[in-house]
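A short write-up of the structure that comes next.
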């Protein structure tokens, strides 16, 4: 079975955190932590889509108030 998009992003986040640990507290570590946070955010979004399907679970756009004119 191939990995889902959310699984891919969770795996990449884990890899980026491992790279950040290798670099300790230098600027490269912060870049890896930033990438890990981005992958986790993408994983959450992908999980929503995988669970609900595209277009489901979204709020309908609000209608403008009728003015009676």
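What follows is calculated from the coordinates using simple rules that are stated; it is not laboratory data. Here the structure is a predicted model, which is why all the values come from computation and not from measurement. Cβ: placed from backbone, ideal geometry, glycine included. Neighbour counts: every protein chain shown.
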Point-to-point label distance, residue 5-residue 44, nm (Cα→Cβ direction, 7 Å offset) | 1.7
So for the pair residue 34, residue 15, with labels modelled 7 Å out along Cα→Cβ, what separation do we get in nm?
-> 2.0
Note: the stretch 5-52 at 37 °C, 0.692 mPa s; Kirkwood Rh on alpha carbon pairs; Stokes-Einstein D in µm²/s works out to 306
